[in-house]
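The values are calculated or read from the model by the stated rules, or taken from the named source; none is laboratory data. Owing to the predicted nature of the structure, the values given are computational and were not obtained by experimental measurement. Neighbour counts run over all protein chains shown; Cβ positions are idealised from the backbone, glycine included.
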Amino acid sequence: MVLKTPERRDSMKERLTIRKRGQITLPKSIMERFQLKEGDTLDLEMNEHGEIILVPMIQIPASQKWFWTEEWQQGEREADEDIKADRLGKPISNNADLEKYFKELDENIE
C-alpha cells in the first residue's frame, strides 16, 4: 500500500458511529485522502490528552525488514544528502575503472 500523508496543517473532521461489535465505517473522504482500501491496517493510539488517533500502516515482508531499521534509514538519509549536494563520484563504465575504484578504496583503508 502506498500512503500519502496530508500535511499536518491540513485539518479534517468527520463523525463516526460505533456499530455492533465495535465496528466503525471510515467516510469515503478519509478513504480517498489516505488512499486506503479494504483490508488495509490502521493502528489505534491514544495520546496524553486522551485523544484517539488512527494511524495508517503498511505491511512489510519479513525479508525486507532490514531496510526499515534505524541504522539503514540513517544511511539512506546520508545518501540522499550526498545526491542533493552533488557529492557523487564519476560513473564506473568499464572493468578498468572498477578495478581502479577498488584499488583506491583499499589504499584509503590502509
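Please report, ordered by residue number, the helices (runs of 4 or more DSSP H) entirely within the chain with at least 1 residues that are in contact with a helix residue (DSSP H, G or I) (Cβ under 8 Å, 6 or more places away or on another chain). Step through it out loud before you land on a result.
On the way: elements: 28-33, 70-84, 95-109.
In the chain, 70-84 are the helices (runs of 4 or more DSSP H) which contain 1 or more residues that are in contact with a helix residue (DSSP H, G or I) (Cβ under 8 Å, 6 or more places away or on another chain).
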- prompt: Which pairs do you get when a residue that is touching a residue at least 40 places away in the same chain (Cβ under 8 Å), found in the range 64-85, comes within reach of a residue that is surrounded by fewer than 11 Cβ atoms within 10 Å (Cβ to Cβ) and part of a helix (DSSP H, G or I), reach meaning Cβ atoms under 9 angstrom, with the pair 6+ apart or on two chains?
  reply: none
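Based on this model, can you work out whether residue 88 counts as at pLDDT below 90, under 30 Å from residue 30 (Cα atoms) and out of contact with any Ser or Thr (no Cβ under 8 Å at 6 or more places or on another chain)?
Details: at pLDDT below 90: yes; under 30 Å from residue 30 (Cα atoms): no; out of contact with any Ser or Thr (no Cβ under 8 Å at 6 or more places or on another chain): yes.
So residue 88 does not fit the description; no.
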- request: Of the conditions (1) of a type in the set (Gly, Ala, Ser); (2) surrounded by 10 or more Cβ atoms within 10 Å (Cβ to Cβ); (3) more than 32 Å from the chain's Cα centre (by Cα), residue 96 clears all except one; give me its number.
  value: (2)
field: Every pair of residues 6+ apart whose Cβ atoms lie under 9 Å, when the first sits in the range 26-41 and is over 18 Å from residue 15 (Cα atoms) while the second is assigned to a loop (DSSP other than H, G, I, E, B) and aromatic (Phe, Trp, Tyr)
entry: 40/34
